[in-house]
Amino acid sequence: MFDFSASRTQRSAQESLQRLGIKSFDILQVHDVEFAPSVDYIIQETLPVLESLRQAGITKCIGITGYPLSTLREIVEKSPVKIDMVLSYCRGTLFDDTLRAYISHFQERGMGIANAAVLGMGLLAQGPLPSWHPAPEEVRNACNNAQQYCQSLGVSLEKLGLWYSMNQFPGVHTTVVGMTTTKMVEQNLNPIKKKNIIPVPMLDTKTCNL
């Protein structure tokens with residue numbers, strides 16, 4: 001499914017340039033690095049290609065993305081190629097704040113930090129989860145409890161989750177939220193536009209077993 005080889009990386013960059021109709025990128029990111037054969041494979045095979053593209057003026061910056069923050073940190077520490085940005089998902093949320101412990105590490109290296117999927121790929125949203133969702137039953141139950149608790153107080157768990165991720169992780173530069181409709185865009189802008197969107201005290205995570 002994932003091909004992190006030098007040849008495929010080079011070809012993928014060229015395909016993206018053609019697809020987007022541009023001559024250069026602001027940033028190129030190695031996506032989901034945990035699916036590579038090893039950390040060393042990313043360091044020795046993939047990142048050198050991106051560095052050559054940076055030297056050629058094809059990209060300004062280089063980033064890596066993934067779920068396990070420990071893997072992102074290991075690559076940053078070992079790579080001779082300067083990495084400008086990291087993106088991790090579902091790790092700076094109401095149910096998982098692991099990102100907090102890594103922020104200073106990336107800050108010390110002058111890196112950009114992106115917190116993605118802050119609603120847990122649907123865990124903090126209303127409606128059924130997609131069949132592929134990897135969350136364990138314990139986390140699913142905790143988020144369901146939180147949803148019911150918020151509804152009993154007249155609070156939107158989605159808004160609360162977005163507000164929490166955008167305001168409780170100082171040092172994060174970008175919050176990434178998936179949206180598929182204009183209505184969702186408008187809803188997700190509310191926590192930015194309005195200061196007082198939550199009419200009750202912040203969610204009691206112990207009550208919801210988060």
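What follows draws every value from the coordinates through simple rules; no lab data is involved. Just so you know, these numbers come straight off a predicted model, no measurement behind them. When we count neighbours, we look across all protein chains shown, and the Cβ atoms used for this are built from the backbone with ideal geometry, even at glycine.
The Kirkwood hydrodynamic radius of the range 6-183, based on inverse pair distances between different Cα atoms, is 17.7 Å.
Take the Cβ atoms of GLN107 and ASN167, set R0 to 22 Å, and the FRET efficiency comes out at 0.80.
Taking the Cβ of PHE2 as the center, what net charge do the other residues with Cβ under 15 Å away carry, scoring Lys and Arg +1 and Asp and Glu -1?
Numbers: positive: ARG8, ARG11; negative: ASP3, ASP32, GLU34, GLU45.
Net local charge, PHE2 excluded: -2.
The modelled label-to-label distance between ARG19 and MET179, using points 7 Å beyond Cα along the C-beta direction, is 2.2 nm.
Taking a cut-off of 18 Å between Cα atoms, list the aspartates and glutamates near LYS183, but don't count ones fewer than 8 places away on the same chain. Excluding near neighbours in sequence, the set is GLU158.
Under a no-solvent Debye model with one identical scatterer per Cα of the range 66-111, what's log10 I(q)/I(0) at q = 0.26 Å⁻¹? Here log10 of I(q) over I(0) equals -0.99.
Given a cut-off of 23 Å, name the pairs among LYS23/LYS193; LYS159/LYS193; LYS60/LYS193 whose C-alpha atoms lie farther apart than that in the structure shown. List each step's numbers first, then the result.
Values: LYS23/LYS193 35 Å; LYS159/LYS193 12 Å; LYS60/LYS193 31 Å.
Pairs exceeding 23 Å: LYS23/LYS193; LYS60/LYS193.
What 222 nm value per residue comes from the helices of the chain, counting each DSSP H run with n ≥ 4 as -39,500 (n - 2.57) and dividing by all residues, nearest 500 deg cm²/dmol? Write out the running numbers ahead of the final one.
Numbers: 7 runs with 78 residues, N = 210.
Value at 222 nm, helices only: -11500 deg cm²/dmol.
For the range 70-90, backbone nitrogen atoms closer than 12 Å to the point 7 Å from GLU34 Cα along Cα-to-C-beta are found at 70-73, 88-90. Highest-first packing order for the peptide set 54-64, 168-178 is 54-64, 168-178, based on the mean count of other beta carbon atoms within 10 Å. Between ILE58 and MET1, the distance separating the two model label sites (each 7 Å from Cα on the Cα→Cβ line) works out to 2.6 nm.
The aspartates and glutamates within cross-link reach of LYS78, meaning a Cα-to-Cα straight distance under 12 Å and a gap of 8 or more places when in the same chain, are ASP40. Could you tally the net charge around PHE106, taking each other residue with its Cβ under 15 Å from the Cβ of PHE106, Lys/Arg +1 and Asp/Glu -1? With Lys, Arg at +1 and Asp, Glu at -1, the neighbours total +2. Placing unit charges on the Cβ atoms only, positive for Lys and Arg and negative for Asp and Glu, gives the range 6-183 a dipole magnitude near 520 debye about its Cα centre.
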